[in-house]
Each structure stands twice: as C-alpha cells, then as structure tokens.
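The values are calculated or read from the model by the stated rules, or taken from the named source; none is laboratory data. Just so it is clear, the structure is predicted and the values come from calculations on it, not from any experiment. Here the Cβ positions follow ideal geometry from the backbone for every residue, glycine too, while neighbour counts run over all protein chains shown. Calculation scope for accessible area: heavy atoms of the full protein, side chains included, ligands and nucleic acids excluded. Shrake-Rupley method; radii C 1.70, N 1.55, O 1.52, S 1.80 Å.
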Protein chains: 2
Amino acid sequence: MIWFEDLKVGNSTRFGARTVTREEVIDFATQFDPQPFHLDDEAAAKTPFGKLAASGWHTGAMVMRMMVDYWTERQFMGVGSPGLDELRWLKPVFPGDTLSVESRLVDKKESRSRPERGTVWIDVTVRNQHDEPVMTYRSIVMVMKRPA
Amino acid sequence: MIWFEDLKVGNSTRFGARTVTREEVIDFATQFDPQPFHLDDEAAAKTPFGKLAASGWHTGAMVMRMMVDYWTERQFMGVGSPGLDELRWLKPVFPGDTLSVESRLVDKKESRSRPERGTVWIDVTVRNQHDEPVMTYRSIVMVMKRPA
C-alpha cells in the first residue's frame, strides 16, 4: 500500500493512453452535455471547435479513469477529493485523439482535525498524441496516513 | 435568442430537479471512476462517504445537463468554456438525492481578439433536496454577441 507518508512533493509521473472514440463522445454528450458541437460535425463547424469535440466533463471523466487505474495498480487509495482549482480546457479533444496524463505532487499537509489523514495537491496536465496540453487543473486529494 | 448583450451581471436564477439513481451512480463509476466508495455501500462504509456516493465528475456532468436543458429552453447558446475555478465537492451526493442549480452571473467581458464574442463568469451552487450545497464552482463561458 502507498500511504500519505510515501508521497513526496516534487515527484511527477506520466501514464495512460486512452483513445477517444466518436461513439463515446456522442454517447456522453447525449447523456450529459447535448450542445451541438459535442453531437455533430456540421453544427460544430459553425463554432470555435471546428468539428465534433468531446464535452469537457467527458475529458475530465476519462482522465479520472486513467488516474484510478494507475493508482489501483500501485495500491494507492485516496479517500475522496474536496475539489479542484483552475481547470482549463486548452484545446478541443477530438475523436481519434489519444490522451495521456502527467501528474505532479505540488504540496501535502497533515489534517489537523483528522489525525489519520492528510491532503495532497496534484497538478494534472492532460496531453493529446501531438504532446499538446488539452486540459490542466490542480486536484486536491485526501489520503490515509500509515496506521500506527 | 439570448446574446452576450442580454446577460446582466448580478442576475441569478434557480432551476433543475434531477433525482440521482443508484443504477446511474454505479454505471458512471464503473466507466469513469471505479473507486470503492462509488461502487459499493459496504466499501463506502469504511471511508468518509459512509455509503455509496456519486463520483464528483458524475455530479458535474449531471449539473452540466441541467444547465444545457435550461439554456436550450431559453435559446441561449454558449460556444464553449475555457474552464472553471474553485470547484468544491462539499457533501457527498447519494442515490435518491434530488439536485438543483443556482447560477449567478458575476462578471462579463468583451473579447479583445474576437469582436464577435464575449466571456461571462457564472457562480454555480448545486444543492440537494435538504437545500444543502453539495458542489460549487465558478464557470467561464464564451458567448456570441448580437450580430450587427
């Protein structure tokens, strides 16, 4: 298991390779974000997207899945997140793109009220197959401390 | 149609009533966020969630859907979002909860580089059926100006 004490500020890692399909872009948008540029190439051509692009919430969800898969392999278990800061969707994500994640631990603090836990801050950069950043944010994650 | 010029700083509105089902919580988590507390009551009981709770990305996606439905009814068309700030998941969202949205326009600016567009900042508060805030964030949305 990886605990709060094992996480070092400054450490970074790259992982994931998720190829986005047209079917799942349209399926997610139909359920959660039915704006024209997430559903249809012709409608998207009239907008800054230019062609069918994934919902930003879909990109966030795909990144979450890559993170959970990475953490699970390494037996790291977060216990939830109080939130995130400065999320930016920098470029559209198109069907056929392959997304990967760079994650860097930028800060950590023990909890005052909950001695069994700590909080870590993680800068997340998501890139496409051209190595262009498509999304960035700072994630806040609660982590268990090593049992005494 | 509602254009950039029609949106007034300080205006706020409440809308939406989406009841969260156990089936969709588990379905979303299985696809995008398979952490134990989003999949199973027993595993969640050992965590700060206490019982099965929705992925924060799922809550965000459900809120996006309520916003798109509200905008579409009023013929408001955003042309995408550069991001959001200070997203906080304040309380867990459980199956059976009914979510609603309060949205308040806090700032607007014309684009310098794109004379046909402007940007608006919207404070979003999501509440459950007990009127407790479960999620807040500040959304940034690009909006078309009225054609000359």
Tell me the residue from A:Ala45, A:Ala29, A:Ala61, A:Ala54 that is touching a residue at least 40 places away in the same chain (Cβ under 8 Å) and among the hydrophobic types (A, V, I, L, M, F, W, C), please. A:Ala54
Which residue out of A:Ser100, A:Ser81, A:Ser113 is out of contact with any Pro (no Cβ under 9 Å at 6 or more places or on another chain), open to solvent by 60 Å² or more (accessible area, probe 1.4 Å) and of a type in the set (Ser, Thr, Tyr)? A:Ser113
Top-ranked residue of the stretch A:25-35 - restricted to ones that are open to solvent by less than 40 Å² (accessible area, probe 1.4 Å), part of a helix (DSSP H, G or I) and not β-branched (Val, Ile, Thr), ranked as nearest to the other protein chains (Cβ to nearest Cβ): A:Phe32
When you scan the stretch B:36-65, how many residues do you find that are at the interface with another protein chain (Cβ under 9 Å from one of its Cβ atoms), of a type in the set (Gly, Ala, Ser) and outside any loop (DSSP other than H, G, I, E, B)? 3
Please count how many residues of the stretch B:51-88 are among the charged types (D, E, K, R) and at positive phi. 1
Report, by residue number, each residue of the stretch B:79-109 that is more than 15 Å from B:Ile122 (Cα to Cα) and either among the acidic types (Asp, Glu) or in contact with an Asp or Glu (Cβ under 7 Å, 6 or more places away or on another chain) (or both). B:Lys91, B:Asp97
Just checking, does the stretch B:4-14 include any residue being assigned to a helix (DSSP H, G or I), within 30 Å of B:Arg117 (Cα to Cα) and in contact with a strand residue (DSSP E or B) (Cβ under 7 Å, 6 or more places away or on another chain)? yes
Checking A:Gly80 against (1) within 8 Å of another protein chain (Cβ to nearest Cβ); (2) not in a loop (DSSP other than H, G, I, E, B), which single condition isn't satisfied? (2)
Per the filter on the stretch B:36-50, residues of a type outside the set (A, V, I, L, M, F, W, C), surrounded by 13 or more Cβ atoms within 10 Å (Cβ to Cβ), on the phi < 0 side of the Ramachandran plot and at pLDDT below 95 are B:Pro36, B:Asp40, B:Asp41, B:Thr47, B:Pro48
Against the conditions (1) in contact (Cβ under 8 Å) with a residue 40 or more places away in the chain; (2) aromatic (Phe, Trp, Tyr); (3) touching a helix residue (DSSP H, G or I) at 6+ places or on another chain (Cβ under 8 Å), where does B:Phe4 fall short? Just the number, please. (3)
Please state which of the following conditions B:Leu90 fails to meet, knowing it meets all the rest: (1) touching a residue at least 24 places away in the same chain (Cβ under 8 Å); (2) of a type in the set (A, V, I, L, M, F, W, C); (3) over 22 Å from B:His38 (Cβ atoms); (4) surrounded by fewer than 17 Cβ atoms within 10 Å (Cβ to Cβ). (3)
Looking only at residues that are over 17 Å from the mean Cα position of the chain (by Cα) and aliphatic (A, V, I, L, M) in the stretch B:4-20, which one is surrounded by the most Cβ atoms within 10 Å (Cβ to Cβ)? B:Leu7
Specify the residue that is farthest from B:Ile2 (Cα to Cα); the eligible residues are those in the stretch B:133-148 that are out of contact with any helix residue (DSSP H, G or I) (no Cβ under 9 Å at 6 or more places or on another chain) and open to solvent by 60 Å² or more (accessible area, probe 1.4 Å). B:Arg138
